[in-house]
Amino acid sequence: MSNEEKSEAKKEMKIDPAYQGYVFLGWASGLFELKSGEKRPYYNMYVFSPVSDYVSDDYEASGFKAEKKKCISPNVWAGMNPGDKVRLFFDDKGRVVEAALDT
């Protein structure tokens, strides 16, 4: 990420509480080591997602939750900035294979 992109990410972000989709927050990538010593890459993106308003005897939820989503590559979040509204597309393993700006 360039210094310009980092500066952009630090700007104030406003979340629309009426928006019922994902909001891109950021990403992380790197290598993790298996027990065998082999290193494998990982790619994660972080998003806000809406929580359904729900109340029961044991549980209550409202608003947004922060989630970490596994991605197949860093290309998934290319060109996205924190605060962008996004649509996510998943594979059968629940990994994000594509993300698109939601207008």
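The values are calculated or read from the model by the stated rules, or taken from the named source; none is laboratory data. Everything numeric in this text was worked out from a predicted model, so none of it was measured. Here the Cβ positions follow ideal geometry from the backbone for every residue, glycine too, while neighbour counts run over all protein chains shown. Quick note on the areas: whole protein, heavy atoms, side chains included, nothing else; ligands and nucleic acids left out. Shrake-Rupley method; radii C 1.70, N 1.55, O 1.52, S 1.80 Å.
The figures follow:
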{"item": "Only listed residue being in a strand (DSSP E or B) and open to solvent by less than 100 Å² (accessible area, probe 1.4 Å), chosen from SER36, SER52", "result": "SER52"}
{"item": "Extreme residue, farthest from PHE64 (Cα to Cα), among residues of region 14-32 that are of a type in the set (Phe, Trp, Tyr) and open to solvent by 80 Å² or more (accessible area, probe 1.4 Å)", "result": "PHE32"}
{"item": "Pairs, first open to solvent by less than 30 Å² (accessible area, probe 1.4 Å) in region 74-91, second β-branched (Val, Ile, Thr) and assigned to a strand (DSSP E or B), C-beta under 7 Å, six or more apart", "result": "VAL76/VAL96; MET80/VAL86; GLY83/VAL23; LEU88/VAL96"}
{"item": "Matching entry among PRO50, PRO41 (being at pLDDT below 95 and not small (Gly, Ala, Ser))", "result": "PRO50"}
{"item": "Cross-chain or 6+ apart pairs with Cβ under 8 Å, region 26-46 first and touching a residue at least 12 places away in the same chain (Cβ under 8 Å) and within 26 Å of VAL86 (Cβ to Cβ), then open to solvent by 50 Å² or more (accessible area, probe 1.4 Å) and assigned to a loop (DSSP other than H, G, I, E, B)", "result": "TYR43/ILE72"}
